[in-house]
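What follows is a set of notes on a single structure, which appears directly below.
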Amino acid sequence: MTIASRAASANDYVRQHSTHPLISRQKAEDTARAAVRLAALLGVDPANVEPKHSWNYLSLPLAPLTLHASDPDDPTQVYTFSYRDPLCDDEPFYLLGPCPVCEAAVPLAEIRSLADLGAFLADGPAPLPDNGILPSSYPDEFDRHPAHSSACPFWDSES
């Protein structure tokens, strides 16, 4: 796919998804742009990224947007990402996966480039030690994520 055709596809995606019956036009545009940004990062067509329209601008902190990216060569392979702030183009995406302790879907890796995803896929999540100290390979959002079970030793309920 040429650069021009990928750009046209991204533009078409934003135009088609800038309205949604349940959310404001601004929120729909922000959601579409985040999906296009993730598609560009992954090198896939925006049609392979499906956002869950969940940004709630009335609550602080912002509830992250969830995006599902399917592999064009294997549509059964889906990666789930969260994205916090639609107003910042330099905000990272977070790859969601099961917590090694409580199995809740939580941020396991900060993804700013395709190489970041490749490194995570090559190495996987670092083992979690029994001492409760989070390895530096985990993003700060790992232990702040509210999906952890309340019994999970890596959930920081005070964040």
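The values are calculated or read from the model by the stated rules, or taken from the named source; none is laboratory data. Model, not experiment: these values are computed from the prediction. Every residue, glycine among them, receives a Cβ derived from its backbone with ideal geometry; neighbour counts consider all protein chains shown.
Assorted remarks:
- Residue satisfying all of: in the range 72-91; touching a helix residue (DSSP H, G or I) at 6+ places or on another chain (Cβ under 9 Å) and in contact (Cβ under 8 Å) with a residue 24 or more places away in the chain; surrounded by the most Cβ atoms within 10 Å (Cβ to Cβ) among these: Phe81
- Restricting Gly97, Gly118, Gly124 to those that are at positive phi, of a type outside the set (Ser, Thr, Tyr) and at pLDDT 85 or above reduces the list to Gly124.
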